[in-house]
Amino acid sequence: MTKIIDPYGSELVSDYGKIVKDFGLEIFNKNIFPNPNAIMRRGVVFAGRDMQIIAKCIKEKKPFYALTGIMPTNQEIHLGTKLVVENLKFFQQLGAKTYILVADLEAQAARGVSLEEGRKRALNFHIPAYIALGLDPKKTIFYFQSENKEVMHFAYEAAKKITLNEFKAIYGSADPGRIMSAVTQVGDILYPQFKERMPGIIPVGIDQDPHIRLTRDVVSRMKSKKFFSPGSIYHKYTPSLDGSIKMSKSKPESCITIPEDEKSVKKKIMRALSGGRTTLEEHRRLGAEVEKCMVFELLKQHLVEDDKELDKIYEEYKSGRMSAGEIKQLASEKMMVFMKDFNKKLEKAKKQVDKLNFVEF
Ligand code: TRP
């Protein structure tokens with residue numbers, strides 16, 4: 001079994017090892033890029049594809065791009081999205097040409113959100129939220145799928161390069177709506193290369209890997225076009241607070257959203273699965289089961305930037321000096337600070353939407 005280095009020994013390790021093997025991913029090496037961010041240093045980022053080419057571009061100051069797509073569904077985002085933005089920001093700061101597209105066509109096909117409504121939600125919430133999470137709006141290029149004729153034209157070409165069986169093998173099913181969304185996404189992923197061929201990196205949760213694979217297959221069948229195959233970088237799921245592997249919107253009591261009000265965040269954290277022992281006496285004697293603790297996972301993935309601070313919390317908790325109640329209290333306080341800061345930045349970013357760089361078609 002491939003071992004993924006997770007300095008805090010999360011129990012989810014073996015599952016991710018299997019994913020790496022099954023999908024043929026490269027294990028992430030935290031020294032590949034200069035000044036790795038917190039989720040890279042801590043093994044939350046665990047794998048990728050073609051990362052070496054991107055590292056070379058960074059080193060030699062050659063052009064490359066980073067891209068992600070937003071599904072404008074609810075007026076809230078998921079903690080996992082924060083991880084995507086963190087990686088996007090990381091590459092942006094290292095000089096990537098940065099693209100964010102609004103997947104309004106996909107939202108209409110998959111979630112029944114009209115184009116008009118999707119546009120509104122993207123401008124009033126999603127795009128400002130991404131800026132609030134740290135992207136530089138001046139250095140980011142935006143577009144709406146529904147306006148991008150070039151992507152659409154490319155999607156038709158891409159569709160001819162894929163068979164139904166292959167599609168089913170990658171996605172597990174092949175309903176027409178899904179096919180339309182997938183070929184559009186292939187176009188999105190390659191769009192920055194339409195004008196100038198260059199390597200790119202797509203930070204995603206592992207659930208989006210099928211799109212990366214499909215795009216790479218399409219590229220390999222269009223050799224004469226000389227596209228670079230898109231690279232990617234994957235982060236682990238932010239687990240549900242009850243301990244299941246992925247935060248799920250179907251379990252709102254175990255899933256923190258951004259934004260969320262103080263009271264309900266606190267309630268959710270207080271009820272979360274922790275690494276605390278049955279009694280305080282036992283906890284002091286045996287120490288916390290940190291690898292089972294969803295609250296520590298929250299601190300590690302989202303709330304503590306400084307490694308020394310995280311190490312200290314780990315030591316205190318693991319040794320039993322810090323109780324489950326105390327770590328929950330700490331996480332609640334940090335989450336409050338995060339939400340407050342987010343809301344403030346969101347309001348500011350909302351005022352800037354008319355100044356953003358939207359591609360004109
Ligand atoms: N399918 C993505 C989602 O469900 C949205 C998306 C569309 C996307 N095009 C993309 C993501 C290109 C990454 C790259 O959220």
*Under a point spin-label approximation (7 Å from Cα along Cα-to-Cβ), what is the Lys21-Lys195 distance to one decimal in nm?*
4.5 nm
*For the chain, what relative contact order do you get, as a whole percent, if you take Cα pairs closer than 8 Å and at least 6 residues apart?*
19 percent
*Which percentage, to the nearest 5, of the DSSP beta bridges contained in region 16-237 is antiparallel?*
25 percent
*asked:* Shape verdict for region 16-237, please, from the Cα gyration tensor: rounded (a/c under 1.5), prolate (a/b greater than b/c) or oblate.
replied: rounded
*Which of the aspartates and glutamates could be linked to Lys168 by a straight reach, that is with a Cα gap under 17 Å, when you skip same-chain ones fewer than 8 residues away?*
Asp22, Asp207, Asp209, Asp217
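What is the gain in length, in nm to one decimal, between Gln352 and Glu116 on full extension, counting 0.36 nm per residue of separation less the C-alpha to C-alpha distance?
Numbers: separation 236, 0.36 × 236 = 84.96 nm, distance 2.01 nm.
That pair, Gln352 and Glu116, stretches by 82.9 nm at full extension.
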*What is the distance in Å between the Cα centres of region 314-357 and region 32-82?*
21 Å
*Just going by the charge dipole of the chain, with Lys and Arg at +1 and Asp and Glu at -1 on Cβ, which of Ser264, Gly200, Asn29 is farthest out on the positive end?*
Gly200
*Give the order of Ile327, Ile58 when sorted by the count of other beta carbons within 10 angstrom, beginning with the fewest.*
Ile58, Ile327
*Cα-projected label distance for Asp311 with Asn29, points at 7 Å along beta-carbon direction, nm*: 2.3 nm
*Which of Phe227, Phe361 has the fewest Cβ neighbours within 10 Å, and the rest in rising order*: Phe361, Phe227
*For the peptides 84-96, 149-161, 186-198, what is the packing order when you average, over each peptide's residues, the other Cβ atoms within 10 Å and list the highest mean first?*
84-96, 186-198, 149-161
*Mind checking the full-extension length gain between Lys223 and Glu326? Use 0.36 nm per residue of separation minus the Cα-Cα distance, one decimal, nm.*
31.3 nm
*Set the Förster radius R0 to 25 Å, insert the Cβ-Cβ distance between Glu150 and Gln52 as r into 1/(1 + (r/R0)^6), and round the FRET efficiency to 0.05.*
0.30
*Based solely on its DSSP helices, what 222 nm [θ] is calculated for the chain when runs of n ≥ 4 H residues each add -39,500 (n - 2.57) and the sum is averaged over all residues, nearest 500 deg cm²/dmol?*
-14000 deg cm²/dmol
*Taking only C-alpha pairs under 8 Å that are 6+ residues apart, what is the relative contact order of region 198-245 in percent?*
51 percent
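Rule-based calculations on the coordinates, nothing more; no lab input. Treat the numbers as computed from the prediction; the structure is a model and nothing was measured. Positions of Cβ are generated from backbone atoms using ideal geometry, with glycine treated the same way; all protein chains shown enter the neighbour counts.
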